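Participant: Sharing a structure below in structure tokens format, with a few things to ask.
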Amino acid sequence: LSGSAGGGAGEVGGGRNGRTAVTTGGTGEAMAAAETLGAYVNSCGSAVRPFLPSVLAALAAATTSTSPAALRTAALRSLEFALHPLDNDEGDEEGGTGMPPDRLAAAVPIAVDAATLLARVLAEDEEP
């Protein structure tokens, strides 16, 4: 991913200060982590907006073609819930003021990265 959620200095899952990351568990644990991450971000609402690029990067890492299909599916389903903090707090109902321009500008790169991730998965994967 090339936008705000696309990595940075280190890779997703990399260790701190150049150390190798340590991972444990199997596909079941990874699926539970992806689902929990989506639910957690969804329940935190707007407070988690600054962390959405990291959340999207973690979910994107789980959708690679080398990941088991069940894990890819869980990560992609979690993506839906992980994007809910971008929803407009005021609502677009009558009398709503809409999303402030600064929040809208911050949300655009995250939405672009999410769409890019979904497009990549649809174009490259044979199964969900």
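The values are calculated or read from the model by the stated rules, or taken from the named source; none is laboratory data. Note that the structure is a prediction, hence the values are computed from the model and not measured. Methodologically, a virtual Cβ is constructed for each residue, glycine included, from the backbone with ideal geometry; neighbour enumeration extends over all protein chains shown. Each accessible area value is taken on the protein alone, full model and side chains, heavy atoms only, with ligands, DNA and RNA left out. Shrake-Rupley method; radii C 1.70, N 1.55, O 1.52, S 1.80 Å.
Participant: Given SER67, SER78, SER46, which one is surrounded by fewer than 16 Cβ atoms within 10 Å (Cβ to Cβ), at pLDDT 80 or above and at negative phi?
Facilitator: Details: SER67 fails: surrounded by fewer than 16 Cβ atoms within 10 Å (Cβ to Cβ); SER78 fails: surrounded by fewer than 16 Cβ atoms within 10 Å (Cβ to Cβ).
Sole residue among the options that is surrounded by fewer than 16 Cβ atoms within 10 Å (Cβ to Cβ), at pLDDT 80 or above and at negative phi: SER46.
Participant: Is it the case that ASP87 is at pLDDT below 85, within 18 Å of ALA114 (Cβ to Cβ), open to solvent by 50 Å² or more (accessible area, probe 1.4 Å) and out of contact with any helix residue (DSSP H, G or I) (no Cβ under 8 Å at 6 or more places or on another chain)?
Facilitator: Working: at pLDDT below 85: yes; within 18 Å of ALA114 (Cβ to Cβ): yes; open to solvent by 50 Å² or more (accessible area, probe 1.4 Å): yes; out of contact with any helix residue (DSSP H, G or I) (no Cβ under 8 Å at 6 or more places or on another chain): yes.
Here the answer is yes, as ASP87 does meet what is asked.
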